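Engineer: Below is the structure I would like to discuss, written out as C-alpha cells.
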Amino acid sequence: MTAPSPPTLTFFDILGGRFTLAPEEFVGLLRSKTTQTYLVAVYVLLLATDSPAILGRIHILLVLAVWCVVMGTFLAAVWLTVSAMARLQRLTGARIWPGPLIVLSALTPAIIAGEGLFYLAAQEPLGLRIVPDVLFFWLIAEMFGLIYFRYVRAHVDLRGAVAEAIPLPAERSIVIGAEPVPLSRLRHIEAREHHMHVTLDGQTLTFRARLGDIVAQTGPQDGFQPHRSWWVASRSARALLHDGNRHVLELEDGTRVPVARSRLDDVRRHLGAGA
C-alpha cells in the first residue's frame, strides 16, 4: 500500500494574492531550467548589490561561497517548511496559510548559515541587526518570491523531459479577456462586477470579461456554477457544507463558495460524479 501524496497547500502573499504549492511540486520547480535561470539571476543580483557589505572583507571566492550557502539553505528550509505544513494540514484540514511565514521560517537558518560561514572566513561577526538588516533581507526575499510565483512559475513546465520525449495532445484552453488559459490549470472563477478573479493552480489573475462568455467555452465535464457569480472546476470541488442557514461548497484550496438553492441538485450531482 503506497502512502498518500502530501496535500497541496494554499498560501496568500503580501499583496493578498493566492498561490498553491506542494512539497513534491517544489522539488519539480527547482529542477526546471526556467526556475534555475531565475535563481541564477537572483544570485547575480545578490552578489552585485552586496547588501550585507561583505565584498572586500573576505576573498571573492568566499563571497561566492557565502551566497551559495545562503541560497541553498534558504531553498532547503522552504522545502522543509512546506513539508511540515503539509503534514499539519493532514491533521487540521485545508486552510489558507500565510506565505510570508514560509519566507521568515526559511530566512532565519539561511542568515545563520551565512553569518557562520562569514565568521569562519573573516574571524569577525557580520554584525547584522534585526532592524534594519534582517527586515531588509525579508523584504528582498518576499520580492523575489512574489515575482517568481506571479510571473515566472506560469512558464515552468513540470513535465520536463517526458514532454520532450513523448508528443502530447494539444491542451484545451479557454479565452479569458483575450488571453488563453489552460483548462487543466483552472480551479475556479469569481465574477465581481465586470472583472473575473481567475484562480489557477499556482496563481490568481484578474481579467475584464463576462462570466457567461467564459462558461460558454466549457462543458459539463469541466465544471459547474454553484452560484451565478462563480464557476468551479469539477476536480476542485470537495464537499457541500452548511454555513448557518445556507449551503456553501468547500473547494480543495479551502475556498468556500456560496451555493444558490436553485443549484443545489446540480452541485450534488457533480460531487456524486466525482466521488
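Engineer: May I ask you to order 37-45, 94-102 by the average number of other C-beta atoms within 10 Å around their residues, highest value first?
Structural biologist: Ranked by mean Cβ neighbours within 10 Å, highest first: 94-102, 37-45.
Engineer: Let me ask you something else. Kindly write out, for the range 83-89 in residue order, the coupling ³J(HN,Hα) from the Karplus curve 6.51 cos²θ - 1.76 cosθ + 1.60 (θ = phi - 60°), rounded to whole Hz, with x marking Gly and Pro.
Structural biologist: For the range 83-89, the Karplus curve yields 5, 5, 5, 5, 5, 5, 5 Hz.
Engineer: Convert each backbone phi in the range 109-125 into a coupling constant with the Karplus relation 6.51 cos²θ - 1.76 cosθ + 1.60 (shift: θ = phi - 60°), then list the ³J(HN,Hα) values in order as whole Hz, x for Gly and Pro.
Structural biologist: Once rounded to whole Hz, the list reads x, 5, 5, 4, 5, x, 5, x, 5, 4, 5, 5, 7, 9, 6, 8, x.
Engineer: If you don't mind, another one. Two-decimal Rg/Rh of the range 75-149 from alpha-carbon positions, Kirkwood Rh?
Structural biologist: 1.07
Engineer: Still on this structure, I have one more. If you compute mean projected area of the Cα convex hull in nm² for the structure shown, which of (1) 39.2; (2) 18.1; (3) 18.9 do you land on?
Structural biologist: Step by step, mean projected area of the Cα convex hull in nm² for this structure corresponds to label (3).
Engineer: Any chance you could give the angle, 0 to 90 degrees and rounded to 10, that helix 33-49 forms with the longest Cα principal axis of the chain?
Structural biologist: The answer is roughly 40 degrees.
Engineer: Taking the Cα-to-Cβ direction at R192 and at L80 and moving 7 Å from each Cα, how far apart do the two end points lie in nm?
Structural biologist: Placing both labels 7 Å along Cα→Cβ, they lie 3.7 nm apart.
Engineer: I want the local charge near V257. Using Cβ-Cβ distances under 10 Å, sum +1 for each Lys or Arg and -1 for each Asp or Glu among the other residues.
Structural biologist: -1
Engineer: Can you list which of the trypsin sites (Lys or Arg not before Pro) found in the range 16-72 are DSSP loop residues with at most 15 other C-beta atoms within 10 Å?
Structural biologist: The qualifying sites are R57.
Engineer: A further question follows. What value, in deg cm²/dmol to 500, does the helix sum -39500 (n - 2.57) over DSSP H runs of n ≥ 4 give at 222 nm once divided by the residues of the chain?
Structural biologist: Counting only the DSSP helices, I get -14000 deg cm²/dmol.
Engineer: I need the calculated FRET efficiency for the pair D133 and D265, taking r as the beta carbon distance and R₀ as 45 Å, to the nearest 0.05.
Structural biologist: So the FRET efficiency works out to roughly 0.15.
Engineer: Place +1 on the Cβ of every Lys and Arg and -1 on the Cβ of every Asp and Glu in the chain, take the dipole about the Cα centre, and give the residue among G17, L64, L135 whose Cα lies farthest towards its positive end.
Structural biologist: The one lying farthest along the dipole's positive direction is G17.
Engineer: Exposed loop sites here are GluC sites (Glu not before Pro) in DSSP loop states with at most 11 other C-beta atoms within 10 Å. What is the longest stretch of the chain lacking them?
Structural biologist: So the longest stretch without any such site is 1-170.
Engineer: Oh, and also: Label points 7 Å out from Cα along the Cβ direction at R31 and L240: separation in nm?
Structural biologist: 4.0 nm
Engineer: Can you give the extra length, in nm with one decimal, that the chain gains between L45 and M143 once fully stretched, where that is 0.36 nm per residue apart less the Cα-Cα distance?
Structural biologist: That works out to 34.0 nm of additional length.
Each value in this text was obtained by applying a stated rule to the coordinates, not by laboratory testing. Small disclaimer: the values here were computed from a predicted structure and weren't measured. Heads up, the Cβs are rebuilt from the backbone with ideal geometry, glycines too, and the neighbour counts pull from every protein chain shown.
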